[in-house]
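*Asks:* Got a structure here, written out as C-alpha cells. Questions coming.
The values are calculated or read from the model by the stated rules, or taken from the named source; none is laboratory data. It should be emphasised that the depicted structure is a prediction, and the values quoted were computed from it without experimental measurement. Note: ideal-geometry Cβ built from the backbone for every residue, glycine included; neighbour counts use all protein chains shown.
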Amino acid sequence: MEQLRLIGEKIEKFKYILVEHIELFDEEDSLYDLAASKQVRSQLIQIHADALIHGKDEALANMKAAGMEIGKRIVDIGIPLDKNIEEAQLLRNLFWSFIEEEVSNRFYSIEILLKASSIIDSILDQYIHCIAISYVNHYKQLAKVANDSLQKIKENEEVMEELATPIVQTVLKDVLLFPMIGRIDDWRMESMQSRILQKCAELQAEVLIIDFSGITFTKEGDLLVLLKQLVGALSLMGTETIVVGFSPDVVKRIVKLDFADKVKAFLSFAKAMEFIFKQRGLALQPI
C-alpha cells in the first residue's frame, strides 16, 4: 500500500532523530557503548521502516535474525532484561506518535494508522520475543554451569569423605581398621556412619577396630551417643566393634552413658590385634 510505504520512508529518513529521542531517556551510567547503541537502535528502526516499505514477512525474518544477534550481545554486556523491555516500549510509543503525526499532517485515514501500528507492533513483538529467548538461553547456560559445578563439588565431597573415612583391611581379611583422624563433630560422625556400614557389609567384616587415638572430640556426649548407635547397627549386621585409643576423659563419659559393656576396648591397635589373634588361636611367627 502506497501510504504505508510513504510512512516507512519517512521513518527511514528520520531514524537517527528517533535514536536521539531514545538516548534522551537513557541513564547516565548506561552499560551501552554510545556508538554501538546508535548502530543497534538505528538497525531496529530500519527493520520497522522496511516492514512498511517492503512488507511485513521479510521484515519479520530480518528481525528474527537481528534480534537473536542483538539479544546475545546485550546479555553478554550484562544489561538487565527489564531495561530492554522498557526501551522496546519506548520505541513503540515513539513509532505510534510518529505515525499519528504523519496521519494527522497528511490526512491519512484511521485505517492507515491502525494498519501501520499493527505492522510496527508485530515487528517489535518479534524483537522482544528474540530478546526474551536470548535471556532464557543465557540462564539455561548458567544453570548448566551451576549444575556442573554442583556435580563436581559432590564428586569432590565423595572423594573427601572417602579420604576422611579410611577403612582398611588388616592382615586378617575379615578384620577392618578405621583410624579416625582430625576433629570429630556430630556432622562428621553422622556422615561417616553410612560409609562404615556399607564398607563392613561389602567386605563381610567380622570385626571393626575403630582407633580414636588421632582425633579431637567436640561435644563428646552427642558423639558418643552416635557411636553407640553405630555399634548397635554393626552388631545387627554381625560385625563386632572394638575401640582403641580413648583418652581418660572420654572413658569417663562412656561409663556414664552405660556404654562400656557394649564394646571391647584396648589401649592401642596392636593390643586389639593381639587379642583377636589369641581369640582365634593364631600367632605371628618369625620367618
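Yes/no per residue for (1) over 13 Å from Ile210 (Cβ atoms); (2) modelled with pLDDT of 70 or more; (3) touching a Gly at 6+ places or on another chain (Cβ under 6 Å); (4) in a strand (DSSP E or B):
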{"residue": "Val231", "(1), (2), (3), (4)": "no, yes, no, no"}
{"residue": "Leu234", "(1), (2), (3), (4)": "no, yes, no, no"}
{"residue": "Gly238", "(1), (2), (3), (4)": "yes, yes, no, no"}
{"residue": "Val243", "(1), (2), (3), (4)": "no, yes, no, yes"}
{"residue": "Arg253", "(1), (2), (3), (4)": "yes, no, no, no"}
{"residue": "Ala265", "(1), (2), (3), (4)": "no, yes, no, yes"}
{"residue": "Lys271", "(1), (2), (3), (4)": "yes, yes, no, no"}
{"residue": "Glu274", "(1), (2), (3), (4)": "yes, yes, no, no"}
{"residue": "Lys278", "(1), (2), (3), (4)": "yes, yes, no, no"}
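*Asks:* Does Glu100 count as surrounded by 13 or more Cβ atoms within 10 Å (Cβ to Cβ) and within 24 Å of Lys10 (Cβ to Cβ)? Even if it seems obvious, please write down each step before you answer.
*Replies:* Working: surrounded by 13 or more Cβ atoms within 10 Å (Cβ to Cβ): yes; within 24 Å of Lys10 (Cβ to Cβ): yes.
Judged against the criteria, Glu100 is a match.
*Asks:* I'd like to verify a number: residues in region 103-121 that are modelled with pLDDT of 80 or more and surrounded by 15 or more Cβ atoms within 10 Å (Cβ to Cβ), how many?
*Replies:* Residues meeting the conditions: 7.
*Asks:* Further, regarding this structure: Is there any pair with a first residue in region 1-29 that is more than 21 Å from Ile85 (Cβ to Cβ) and a second that is of a type in the set (Phe, Trp, Tyr) and at pLDDT below 85 whose Cβ atoms are under 6 Å apart and which are 6 or more apart or on different chains, and what are they?
*Replies:* Final answer for the pair search is Gln3/Tyr108.
*Asks:* A further question on this structure: Within region 133-155, restricting attention to residues that are more than 24 Å from Met68 (Cα to Cα) and of a type outside the set (A, V, I, L, M, F, W, C), which residue is farthest from the chain's Cα centre (by Cα)?
*Replies:* Here the residue is Glu155.
*Asks:* Residue check, Asp76 against (1) at pLDDT 85 or above; (2) under 33 Å from the mean Cα position of the chain (by Cα), all met but one. Which one?
*Replies:* Looking at each condition in turn, Asp76 falls short on (1).
*Asks:* Also, quick follow-up: So Arg41 clears everything in (1) surrounded by fewer than 18 Cβ atoms within 10 Å (Cβ to Cβ); (2) out of contact with any Ser or Thr (no Cβ under 6 Å at 6 or more places or on another chain) except one condition, right? Which one?
*Replies:* (1)
*Asks:* Another question, then. Taking region 158-179, which residues are modelled with pLDDT under 80 and touching a helix residue (DSSP H, G or I) at 6+ places or on another chain (Cβ under 9 Å)?
*Replies:* Glu161, Glu162, Ala164, Thr165
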